[in-house]
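Please read the structure below before turning to the comments.
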Amino acid sequence: MAETVTVVTPVIDMLVQLLLKRATLFRRVHGEVKSLKDELESIQCFLIEAEEKLEKGDVNDGVKTWVKQVREEAYHIEDVMDEYLLRVAQRSHLHGFIGLLHKTGHFFKSFKSRNDVAFAIKSIKASLREIKDRGERYGFNSLEKLGSSSSRALTSFERYDPRLGSLFIGEDEFMDVYSTRDELVTRLVEGELSRTVISFVGEGGVGKTTLAKQVYDNEMVKGHFDCRAWFTVSQAYNPDVLLMTMKRYFCPTFECNVGEIDMMKEVISQLRQCLQAKRYVFVFDDVWHTDFWGVMKYVLPNNDKGSRVIITTRNDAVVASCKDTVFDLVKKLQPWSQESSWELFLKKAFQFERDGCCPLELKQLSLEIVRQCQGLPLVIAAVAGLLSTKEKVLFEWKKIYEALCFNLEGNPQLSNISKILSLSYYNLPYYLKYCLLYFGIFPRNHLVPDVRLYRYWIAEGFVKERREKTLEQVAEEYLNELIQRNLVQVWNMNFSGSDKLCRVHDLMHDMIFSKAGELGFCNAFIGKKSSLTQRSRRLAVYSSSHVMENVEDYSARSIFVFNNELTTPFVEFTFEKFKLLKVLDFSNTPLDCIPEGLGSLHHLRSLNLRNTKVRMLPKSICKLNNLETLDIVNTQISELPIEINKLRNLRHLLGLCHDPARGYGIEAFQGQRLHRGIGHLEELQTLSNVQALHNEFCIVKELELLTQLRWLGISKLTEEMGRSLCTSIEKMNNLERLTICSTDTESEILDLHSISSPPHFLQRLNLMGPLDEFPRWIVNLPYLSRLSLFSSRLSDEPLKYLCHLPNLSLLWLCRAYNGEKLLFKESGFQKLKLLEVSELYRLNAVTIENGSLPLLEEVRIGSNPQLKEVPSGMQNLRSLKLLEISQMPSEFVLGLQRQGLQDSLKVKHVPSISSWYRGDGDLYDVFHDQ
């Protein structure tokens with residue numbers, strides 16, 4: 001088994017860390033803590049097998065109860081340790097005369113605390129032994145017997161593969177794959193003579209198996225190939241078993257023993273020999289493991305007879321591992337359009353009706369049901385098939401709709417959909433399961449920035465250290481793996497932000513939310529009738545008005561508030577009762593005050609106050625010794641207390657306030673003021689956005705001490721400070737993002753020329769303020785992907801310096817250039833995907849030479865009053881998908897609108913063109929939209 005981890009693994013890890021890092025603190029209870037760790041490890045082996053069988057539904061209620069008891073005891077262990085550390089931390093803040101006065105009493109209390117924790121550990125160990133003994137009495141210690149009785153109780157209907165129905169959906173029902181099927185059939189029978197692998201990849205329920213089956217069963221395919229075979233691989237993939245199955249199919253007379261390495265080599269050799277002279281087509285359905293093709297490519301000979309291999313998978317990494325040649329094809333299956341989804345729904349839901357039409361009174365609700373299925377054809381077919389058996393009345397259909405929205409797993413008629421989606425969750429390693437379950441905290445359709453997820457996962461302890469990587473880099477790998485497995489959907493933000501936005505499919509969210517509740521991972525308080533009696537590690541509050549009288553358990557480690565009813569009593573209640581919090585998120589609430597009680601949250605690692613009305617932070621924040629992330633973006637906090645400098649574990653300090661009424665000029669962005677001593681925060685990776693000068697203290701002088709910085713944003717920079725800043729930046733070898741803002745856009749020059757050795761890994765650079773000349777060191781940034789120059793007022797054209805940057809994908813020039821012409825030279829900007837040119841007041845001509853900007857997808861042109869015609873050469877931008885025009889002269893816009901004119905011919909290949917200008921007040925008139 002690849003991952004020897006269970007529900008108790010995080011607790012074992014915690015105990016190991018306590019023993020290693022706090023040896024002095026735990027010296028009097030060291031033996032008890034180690035004994036507890038050993039007790040948990042003795043249960044680990046059983047839990048691995050038990051949890052696997054739980055996930056397959058192959059156990060009885062006794063095993064479920066047993067695992068639940070172990071999980072609750074693991075939570076109890078965490079509570080005991082964290083409460084002990086909290087008491088120690090509270091007493092460590094005694095100082096001065098009062099501290100000396102109570103020195104003897106302090107020692108006695110600490111000794112008493114150690115005795116308390118020793119007693120608690122002994123009690124926990126006794127409880128664990130009882131749980132273990134109880135399992136043995138029920139025969140749980142015999143792993144072979146686990147679930148055997150329950151297996152006999154399962155009917156054949158309950159035990160079949162929930163994807164089975166996808167093999168029997170007719171092509172007339174799956175019209176959306178029809179054209180794709182014909183294209184693939186042609187590829188199979190008329191393509192290259194060399195062996196070709198065709199991979200279908202996409203999320204569960206999107207129709208991969210159905211498409212493969214329709215191609216496989218096509219009459220042309222049947223007649224073209226000498227032999228065909230379909231193998232369902234699944235999560236329980238065992239290469240030896242699969243090879244023996246293939247052997248029985250193709251080489252039945254050859255005898256061998258399973259499990260012997262030499263024999264397996266002989267099996268592979270025999271299979272190759274049998275297939276060498278045949279034109280074959282094999283389907284390997286539902287592949288989960290990246291090592292699959294590493295074996296299978298030796299089994300299937302490349303015999304130059306036009307043989308084909310079809311693979312279906314949910315994992316992009318599997319597809320990458322199966323692509324050996326340029327002829328191999330990858331088909332990424334996307335959810336269906338609303339129109340195709342509706343057509344499939346009508347065929348299935350009204351299959352027994354004579355006219356096959358939807359009654360008018362059911363149409364609006366039916367459209368909403370289809371929307372809930374979000375383009376997954378197997379889900380549409382399942383839901384519509386169920387509706388076809390129901391009476392065609394609004395009341396009956398509403399019940400199905402509500403089940404889709406709120407209780408997918410609780411409805412036995414729809415539970416098969418949940419089973420399909422759950423397969424991906426069950427296949428995850430344990431640490432990724434926690435990360436995926438985190439999406440259950442957020443509301444449906446809620447978009448979460450990737451960096452925010454990283455910080456939460458780290459604060460919760462989900463992310464494990466890896467050599468030569470930061471925790472944030474490891475967390476990014478976790479997210480990428482979830483994306484590759486098609487479990488998390490991503491929206492890329494452009495100039496409006498710097499990060500990816502993540503969410504999960506609505507129906508996947510339902511499955512996650514149900515699983516999270518079952519495991520005590522998170523609980524949601526929606527209103528007065530919500531129950532908070534169940535023990536849960538995380539709490540999502542959608543209505544705070546009745547939480548205080550309903551909550552019974554205060555051991556939550558994270559609280560997220562998603563409502564506009566936040567009250568001061570609730571905040572004070574949170575600080576008073578939830579003493580073990582690690583994550584506290586008040587973002588986007590009307591919170592305006594943080595009580596002094598904040599300092600009592602010793603374990604707090606992440607505090608998010610973004611988009612609140614908070615004006616100041618309490619001095620007690622200095623007690624949060626474990627705080628790693630403080631987010632005060634778009635609050636009313638203009639100055640951070642000097643006590644911030646005591647938070648030596650702080651990794652991310654995010655502060656920036658944007659005033660939308662002032663647009664996007666320098667004056668619209670305000671950073672926070674800091675005090676002397678910020679250089680002591682040597683763990684800082686993010687410091688954005690802060691003012692350069694406050695009370696004659698220049699932060700620039702201390703920045704050179706922050707060598708771990710990866711993201712720096714600094715505003716109110718004077719020309720004189722610029723030279724000092726350059727010295728500090730040269731020492732920031734890890735810097736990836738840099739934003740520099742001058743004091744104003746008119747007179748204060750950004751002097752950034754003295755950088756001789758810029759940070760090698762810099763990826764994003766924003767310069768806001770006048771430049772006397774283009775900083776030449778920018779051309780030496782091999783990883784630079786995003787660059788914005790705002791109010792630079794350069795007299796020398798910047799494009800000639802930027803055109804050969806190897807990874808530049810986004811470029812924004814706003815008031816950046818005072819010249820009249822821009823030239824995109826041939827072979828320049830080979831990776832650029834988004835270009836914005838705005839407020840270049842003297843610009844009258846833009847020329848794009850053939851061969852430049854080959855990957856450009858979006859162009860935004862705005863407020864360039866002298867530019868009267870579309871850029872020359874735009875007709876050569878074959879990748880262009882969007883052209884957005886704003887506040888441009890009427891000649892420019894009319895040239896786009898009038899068919900047959902030269903300008904309209906330049907852009908006739910662009911799928912989407914929009915043009916608008918500001919009318920009276922804040923109204924926008926749209927000229928053109930195609």
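The values are calculated or read from the model by the stated rules, or taken from the named source; none is laboratory data. Since we're looking at a predicted model, the values are computed, not measured. Glycine also receives a Cβ, built like all others from the backbone with ideal geometry; neighbour counts cover every protein chain displayed. When the accessible area is computed, the model is the full protein with side chains, heavy atoms only, and any ligands, DNA or RNA have been set aside. Shrake-Rupley method; radii C 1.70, N 1.55, O 1.52, S 1.80 Å.
Below is a table of values for the structure above.
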| read-out | value |
| --- | --- |
| Residues satisfying the stated conditions in the range 767-812, i.e. polar (S, T, N, Q), assigned to a loop (DSSP other than H, G, I, E, B) and open to solvent by 10 Å² or more (accessible area, probe 1.4 Å) | Ser785, Ser795, Asn807, Ser809 |
| Some residue of the range 590-602 being closer than 22 Å to Leu447 by Cα, touching a residue at least 24 places away in the same chain (Cβ under 8 Å) and in contact with a Lys or Arg (Cβ under 9 Å, 6 or more places away or on another chain) | yes |
| Top-ranked residue of the range 227-241 - restricted to ones that are more than 33 Å from the chain's Cα centre (by Cα) and modelled with pLDDT under 85, ranked as nearest to Val267 (Cα to Cα) | Asp240 |
| Pairs with Cβ under 7 Å, 6+ apart, first in the range 634-648 and acidic (Asp, Glu), second open to solvent by 20 Å² or more (accessible area, probe 1.4 Å) | Glu639/Arg673; Glu643/Lys619; Glu643/Cys622 |
| Residue count for the range 215-231, restricted to those that are under 30 Å from Ser340 (Cα atoms), open to solvent by 20 Å² or more (accessible area, probe 1.4 Å), assigned to a helix (DSSP H, G or I) and touching a residue at least 12 places away in the same chain (Cβ under 8 Å) | 2 |
| Only listed residue being assigned to a loop (DSSP other than H, G, I, E, B), open to solvent by less than 60 Å² (accessible area, probe 1.4 Å), under 21 Å from Gln276 (Cα atoms) and not aliphatic (A, V, I, L, M), chosen from Ser194, Ser234 | Ser194 |
| Residue pairs meeting the criteria (Cβ under 6 Å; at least 6 apart or on separate chains; first in contact (Cβ under 8 Å) with a residue 24 or more places away in the chain and of a type in the set (Phe, Trp, Tyr), in the range 871-896; second open to solvent by 40 Å² or more (accessible area, probe 1.4 Å) and in a loop (DSSP other than H, G, I, E, B)) | Phe892/Lys868 |
| Filtered residues of the range 29-68 (kept if modelled with pLDDT of 70 or more, closer than 20 Å to Gly517 by Cβ and either surrounded by 17 or more Cβ atoms within 10 Å (Cβ to Cβ) or in contact with a Gly (Cβ under 9 Å, 6 or more places away or on another chain) (or both)) | Val63, Trp66, Val67, Lys68 |
| Scan of the range 607-626 for residues that are over 23 Å from Val80 (Cβ atoms) and not in a helix (DSSP H, G or I), ordered by number | Leu607, Asn608, Leu609, Arg610, Asn611, Thr612, Lys613, Val614, Arg615, Met616, Leu617, Pro618 |
| Among residues of the range 668-706, those that are in a strand (DSSP E or B) and without any contact (Cβ under 8 Å) to a residue 60 or more places away in the chain, counted | 13 |
| Among (1) assigned to a helix (DSSP H, G or I); (2) without any contact (Cβ under 8 Å) to a residue 40 or more places away in the chain - the single one Lys347 does not satisfy | (2) |
| Only one of Ile755, Ile729 that is assigned to a loop (DSSP other than H, G, I, E, B), within 23 Å of Leu693 (Cβ to Cβ) and free of Cβ contacts under 8 Å to residues at least 40 places away in the same chain | Ile755 |
| Single residue of Glu820, Glu869, Glu858, Glu836 found to be acidic (Asp, Glu), under 22 Å from Gln902 (Cα atoms) and open to solvent by less than 60 Å² (accessible area, probe 1.4 Å) | Glu858 |
| Pick from the range 725-746, criterion among the polar types (S, T, N, Q) and within 19 Å of Leu765 (Cβ to Cβ), ranking: surrounded by the fewest Cβ atoms within 10 Å (Cβ to Cβ) | Asn733 |
| Long-range neighbours under 8 Å by Cβ, at least six apart or interchain, first residue more than 17 Å from Arg485 (Cα to Cα) and in contact (Cβ under 8 Å) with a residue 24 or more places away in the chain within the range 309-332, second among the basic types (Lys, Arg) and outside any helix (DSSP H, G or I) | Val309/Arg195 |
| Residue list for the range 335-344, restricted to those being assigned to a helix (DSSP H, G or I) and open to solvent by less than 30 Å² (accessible area, probe 1.4 Å) | Ser340, Ser341, Leu344 |
| Test: residue in the range 685-704 that is open to solvent by 60 Å² or more (accessible area, probe 1.4 Å) and either small (Gly, Ala, Ser) or within 32 Å of the chain's Cα centre (by Cα) (or both) | no |
| Count of residues meeting criterion [in a loop (DSSP other than H, G, I, E, B), more than 30 Å from Glu73 (Cβ to Cβ) and open to solvent by 20 Å² or more (accessible area, probe 1.4 Å)] in the range 567-603 | 6 |
| Criterion (under 34 Å from the mean Cα position of the chain (by Cα), open to solvent by 30 Å² or more (accessible area, probe 1.4 Å), among the basic types (Lys, Arg) and at pLDDT below 85) met by exactly one of Lys419, Lys332 | Lys419 |
| In the range 434-469, the residues that are small (Gly, Ala, Ser) and out of contact with any helix residue (DSSP H, G or I) (no Cβ under 9 Å at 6 or more places or on another chain) | Ala459 |
| Criterion: closer than 23 Å to Gly671 by Cβ and acidic (Asp, Glu) - qualifying residue of Asp553, Asp631 | Asp631 |
| Residue count for the range 285-316, restricted to those that are open to solvent by 30 Å² or more (accessible area, probe 1.4 Å) and under 27 Å from the mean Cα position of the chain (by Cα) | 4 |
| Selection count, the range 349-366, where residues are modelled with pLDDT of 80 or more and open to solvent by less than 50 Å² (accessible area, probe 1.4 Å) | 7 |
